[in-house]
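Working notes, beginning with the structure itself.
The values are calculated or read from the model by the stated rules, or taken from the named source; none is laboratory data. From a predicted model like this one, the values you see are computed outputs, not experimental measurements. With ideal geometry, Cβ positions are generated from the backbone for all residues, glycine too; neighbour counts draw on all protein chains shown. Heads up: the accessible areas ignore ligands, DNA and RNA and are worked out on the full protein's heavy atoms, side chains in. Shrake-Rupley method; radii C 1.70, N 1.55, O 1.52, S 1.80 Å.
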Amino acid sequence: VVNQGEPLTWKCFEEIQKVLPPEKMFEQTEAGKIFESADEIILSPGIPTTLPILQPAIKKGVKIVSEVEFAARHIQIPMIAVT
C-alpha cells in the first residue's frame, strides 16, 4: 500500500493494519525506489503514467501496463471489458 506521508499518520492506518502489516505500507518516496526496481508496474484505471513517482521507473525502462492488459494475459477464456 502506498500513500502520502509516514504510514502511522494515515487516516486509514488502523483499518489497513487489520489486513496488512506495517512493513508492507510505504510512503510515496519509498515506493518510488521500489518502482524503479520492479520488472513491471500494473496501474489501476485512471492512474496516469505521468505521475512524478513513476518517472524514474519509466526512465529505467520498467514496463507499465493497465489492470485490463495484465488480466488479459492470464485469462484463458474470451473476455469482454467494459470501461
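Annotations for the structure displayed:
- So residue 71, is it touching a helix residue (DSSP H, G or I) at 6+ places or on another chain (Cβ under 9 Å) and free of Cβ contacts under 8 Å to residues at least 60 places away in the same chain: no
Yes or no, residue by residue, for (1) open to solvent by 50 Å² or more (accessible area, probe 1.4 Å); (2) modelled with pLDDT under 85:
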site	(1), (2)
6	yes, yes
10	no, yes
14	yes, no
36	yes, no
44	yes, no
48	yes, no
73	yes, no
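- When region 24-79 is filtered for residues that are in a loop (DSSP other than H, G, I, E, B) and under 20 Å from residue 5 (Cβ atoms), the ones remaining, listed by number, are 25, 47, 51.
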